[in-house]
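Below is one structure; the comments refer to it alone.
Coordinate-derived values only; no laboratory data. Computed from a predicted structure; not experimentally measured. Every residue, glycine among them, receives a Cβ derived from its backbone with ideal geometry; neighbour counts consider all protein chains shown.
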Amino acid sequence: MIAEHIEALYGRPRAELKAHADSTSHPNMLSALLSAHAAVEFAERDLDFQLQRLRQLTHPERETSRYTAGHIHDCARRIGEAVAVRDTQAQHVTAVLQSLHRTPAPETTPAAPVTPPVPAAVPASRAR
């Protein structure tokens with residue numbers, strides 16, 4: 001949903017927006033939004049990985065040893081961290097996106113012809 005909102009706001013696919021943001025030498029709102037979205041995506045991938053690892057460690061056919069218990073605890077901690085990061089980043093980037101609106105393109109009107117300025121009248125000097 002975040003990616004779609006960014007694309008709608010800027011009117012371009014995310015790949016184009018990423019390329020544009022990467023080509024800009026100074027940070028801007030687009031690069032900040034893309035970075036926040038990347039953090040959300042990373043947290044989601046980490047969450048998926050840790051959940052998969054936890055399922056492996058707690059498989060019913062697997063014996064739980066003291067060593068395994070430490071890994072289970074570590075996975076649970078990492079899952080909590082990933083959820084916190086994902087939710088916080090998503091909440092903040094969503095709030096920013098809701099405050100931004102795409103403005104319509106300015107209407108193009110024919111340009112008025114440019115006329116050179118008229119020189120100011122200079123009083124004629126009096127003859128002596």
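Listing for the model above:
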read-out: Extended-chain gain in nm, criterion 0.36 nm per residue less alpha-carbon gap, residue 56 and residue 24; value: 7.2 nm
read-out: Charge context of residue 10, other residues only, Cβ under 13 angstrom, K/R +1, D/E -1; value: +1
read-out: Fraction of the pair-distance distribution of region 28-72 above 16 Å, Cα-Cα pairs, percent; value: 54 percent
read-out: Net charge of neighbours whose Cβ lies under 15 Å from the Cβ of residue 56, counting Lys and Arg as +1 and Asp and Glu as -1; value: 0
read-out: Hydrodynamic radius of region 1-87 per Kirkwood, over alpha carbon pairs, in Å; value: 15.2 Å
